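Right, one structure below, let's go through it.
The values are calculated or read from the model by the stated rules, or taken from the named source; none is laboratory data. As the structure is a computational prediction, the values presented were derived from the model and not from experiment. Neighbour counts run over all protein chains shown; Cβ positions are idealised from the backbone, glycine included.
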Amino acid sequence: MDQTKIDALRAQPVAPFDHLIDGRHVPASDGGRMDVISPIDGTVLTSVAAGTAADMDAAIASARAAFEDGRWAGQPPAARKKVLMKWADLIEANALELAVLGVRDNGTEIGMALKAEPGSAAGTIRYYAEALDKLYGEIATTPQDILGMIHREPVGVVGAIIPWNFPMMIGAWKLGPALAMGNSVVLKPSETASLSLLRMAALALEAGVPPGVLNVVTGAGSVVGQTLGLSMNVDVLAFTGSGATGRRLMEYAAASNMKRVYLELGGKSPNIVFADAPDLDEAAKVAAAGIFRNAGQVCVAGSRLLVEASIHDDFVAAVVKATEAMRVGDPLRTDTHIGAVNSEGQLNVNLGFVKTAQAEGGNVMTGGGRILAETGGYYMAPTVVTDVTRDATLAQREVFGPVLGVTAFETEADAVALANATVYGLAGAAWTANLGRAHRMVRAVRTGVMHINTYGGADGTVPLGGVGQSGNGSDKSLHAIDKYVNLKTAWIKL
Ligand code: TXE
């Protein structure tokens with residue numbers, strides 16, 4: 001990473017952005033605009049269109065028309081593949097510009113942003129582009145006088161609602177498989193992280209995705225998001241965000257056309273450290289990174305550290321040491337480990353969780369407060385709280401900030417019971433050199449992803465999805481394709 005290039009990009013003013021509807025950049029129908037506040041210093045970076053219900057309806061109508069006339073779904077798979085491969089190339093060619101723009105908007109440290117945003121988005125788009133002409137239909141095992149065929153058909157119009165922590169990466173998790181299978185998409189980015197997705201979508205058009213096939217509408221979730229959710233013309237909703245909004249999307253689906261709803265809703269993921277872990281120093285460093293990178297704003301963050309009682313004090317000391325070695329600050333400096341919290345509102349939510357944890361008997365071992373307030377930005381010291389009880393708020397509710405809760409356990413059975421004692425089930429980890437125990441933990445902890453002797457870092461070849469109130473359906477891997485297709489049976493009498 002070249003600091004000089006990053007500094008040059010950050011010095012550039014950011015022109016106001018409009019929606020992308022039917023291949024054109026258009027303002028809100030009532031001219032409304034929303035300021036974009038940079039969490040780096042709390043200043044106004046630029047503005048985006050404050051979308052109206054009419055804007056969203058126009059985008060959905062465009063997506064529907066594009067789907068019905070077959071301008072994308074009707075192209076040979078090899079042609080769609082070529083366009084998507086070109087899009088991935090363009091994202092890569094513009095990676096630094098996209099990453100810096102995204103960081104100015106959402107505050108993620110640039111090292112992580114570059115890899116996880118344009119890097120991962122390009123990889124995801126390419127993965128599905130490469131797959132799309134290798135997915136064959138099936139012939140069923142029917143009697144001799146019947147030909148039973150199973151086709152995969154695109155569902156039609158996909159509504160994708162995206163959060164602010166990794167907009168390009170999570171956006172690509174929905175866009176890659178949805179577009180590869182021939183669907184049209186209307187994408188609704190977060191109010192506090194729209195810019196990089198708007199740029200990335202413009203590159204899709206440049207690569208040859210036809211107008212109307214990919215539309216982006218910015219604005220309030222309660223206005224444009226709700227219109228998308230309630231539309232009779234949208235076939236699938238693919239969402240990453242909070243449980244509260246996920247619940248609403250299911251209600252919207254029930255109240256409208258019973259569209260399919262896929263939810264990825266974060267979690268309270270347990271990182272379980274046994275005394276027989278192969279390398280406790282490594283485990284401590286990874287535990288700190290596994291919660292604090294991107295200021296804890298990671299759906300799979302290991303936010304509950306469960307430590308075997310016999311090593312608890314020493315291990316907590318090692319985690320605190322690793323935490324205090326992480327540099328918090330300007331996310332556009334290449335030596336920063338933890339950037340800004342995305343918004344002032346989220347910073348206050350995080351601080352509130354720390355206060356509650358203390359009131360419930362937790363001990364703050366490091367961090368606990370806002371720092372670097374003089375910059376005007378939203379920075380929080382990474383925080384480790386011990387003595388968190390099983391039912392404490394910090395053990396039960398997702399913070400989505402740099403706050404780690406620590407709980408001691410005595411036996412493997414206690415560890416499993418604690419790990420499973422939330423409504424969530426997204427990710428988790430166990431650290432142990434005992435092979436049998438490692439496999440037992442994979443089976444016993446109810447999550448979509450279980451790491452052994454590592455945390456995070458799973459790539460696009462494996463699915464990511466939650467159980468329980470962490471959601472349903474998976475992003476990533478070939479399995480994600482199922483969300484964006486209908487199976488069609490042809491039963492032919494010969
Ligand atoms: O989420 P929302 P917010 C969790 C995390 C965080 C909390 C709140 O705990 O503290 O959610 O964050 C759109 N109809 N996660 O407020 O509201 C909204 O515009 C349709 C976990 O940002 O769920 C945005 O585009 N859409 C997480 C998207 O939903 C609506 C990632 C997500 O916003 C809507 C983010 C509505 N009525 C937050 N209301 C994860 N799983 O990784 C909002 N939206």
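A few points about this structure:
- Condition met for ALA381 (away from the ligand (no atom under 16 Å from the Cβ), among the hydrophobic types (A, V, I, L, M, F, W, C) and in contact (Cβ under 8 Å) with a residue 40 or more places away in the chain): yes
- Of all residue pairs spaced 6 or more apart or on separate chains, those with beta-carbon atoms under 6 Å, a first member in region 237-250 that is farther than 8 Å from VAL261 by Cα and a second member that is part of a helix (DSSP H, G or I) and more than 6 Å from the ligand (Cβ to nearest atom) are THR240/ILE170; GLY243/GLN469.
- Only one of the numbered conditions (1) under 30 Å from ASP133 (Cβ atoms); (2) modelled with pLDDT under 95 is violated by MET1, and that is (1).
- Unmet criterion (only one of (1) in contact (Cβ under 8 Å) with a residue 40 or more places away in the chain; (2) surrounded by fewer than 16 Cβ atoms within 10 Å (Cβ to Cβ); (3) among the aliphatic types (A, V, I, L, M)) for VAL316: (2)
- Just one of the listed residues (ILE161, ILE146, ILE125, ILE139) is hydrophobic (A, V, I, L, M, F, W, C), in contact with a Gly (Cβ under 6 Å, 6 or more places away or on another chain) and more than 27 Å from ALA244 (Cβ to Cβ), and it is ILE125.
- Residue in region 367-375 that is among the β-branched types (Val, Ile, Thr), crowded, with 22+ Cβ neighbours inside 10 Å and either more than 30 Å from ASP475 (Cβ to Cβ) or under 23 Å from the mean Cα position of the chain (by Cα) (or both) present: no
- Residue count for region 452-494, restricted to those that are surrounded by fewer than 16 Cβ atoms within 10 Å (Cβ to Cβ) and of a type in the set (Phe, Trp, Tyr): 1
- Residue match in region 277-292 (condition: surrounded by 24 or more Cβ atoms within 10 Å (Cβ to Cβ), within 11 Å of the ligand (Cβ to nearest atom), under 30 Å from MET34 (Cα atoms) and under 19 Å from the mean Cα position of the chain (by Cα)): no
- Matching option when the condition is surrounded by 24 or more Cβ atoms within 10 Å (Cβ to Cβ) and hydroxyl-bearing (Ser, Thr, Tyr), among SER196, SER190: SER196
- For region 437-484, a tally of residues being over 17 Å from the mean Cα position of the chain (by Cα) and not in a helix (DSSP H, G or I) returns 7.
- Strands (runs of 3 or more DSSP E) within region 138-257 that include 3 or more residues out of contact with any helix residue (DSSP H, G or I) (no Cβ under 9 Å at 6 or more places or on another chain): 146-154
- The condition (being in contact with a strand residue (DSSP E or B) (Cβ under 8 Å, 6 or more places away or on another chain), aliphatic (A, V, I, L, M) and near the ligand (Cβ under 9 Å from one of its atoms)) is satisfied by just one residue among LEU179, LEU198, LEU228: LEU228.
- Selected residue (criterion: nearest to GLN297 (Cα to Cα)) from residues of region 420-441 that are buried (at least 21 other Cβ atoms within 10 Å of the Cβ), touching a helix residue (DSSP H, G or I) at 6+ places or on another chain (Cβ under 8 Å) and not polar (S, T, N, Q): LEU426
- Contact map, region 99-118: first residue assigned to a helix (DSSP H, G or I), second residue of a type in the set (Lys, Arg) and surrounded by fewer than 24 Cβ atoms within 10 Å (Cβ to Cβ), Cβ cut-off under 7 Å, separation 6 or more or different chains; pairs are VAL100/ARG10; LEU101/ARG199; ARG104/ARG10; MET112/ARG293.
- Within region 473-494, residues that are closer than 17 Å to LEU135 by Cβ and touching a residue at least 24 places away in the same chain (Cβ under 8 Å) sit with their Cβ atoms under 7 Å from residues that are part of a loop (DSSP other than H, G, I, E, B) and of a type in the set (Ser, Thr, Tyr), at 6+ positions apart or across chains, in these pairs: ALA480/SER474.
- Selected residue (only one of SER47, SER62 is among the small types (Gly, Ala, Ser), part of a helix (DSSP H, G or I) and either buried (at least 20 other Cβ atoms within 10 Å of the Cβ) or in contact with an Asp or Glu (Cβ under 8 Å, 6 or more places away or on another chain) (or both)): SER62
- Which numbered condition LEU96 fails, given (1) more than 23 Å from the chain's Cα centre (by Cα); (2) more than 30 Å from ARG152 (Cα to Cα); (3) surrounded by fewer than 19 Cβ atoms within 10 Å (Cβ to Cβ): (1)
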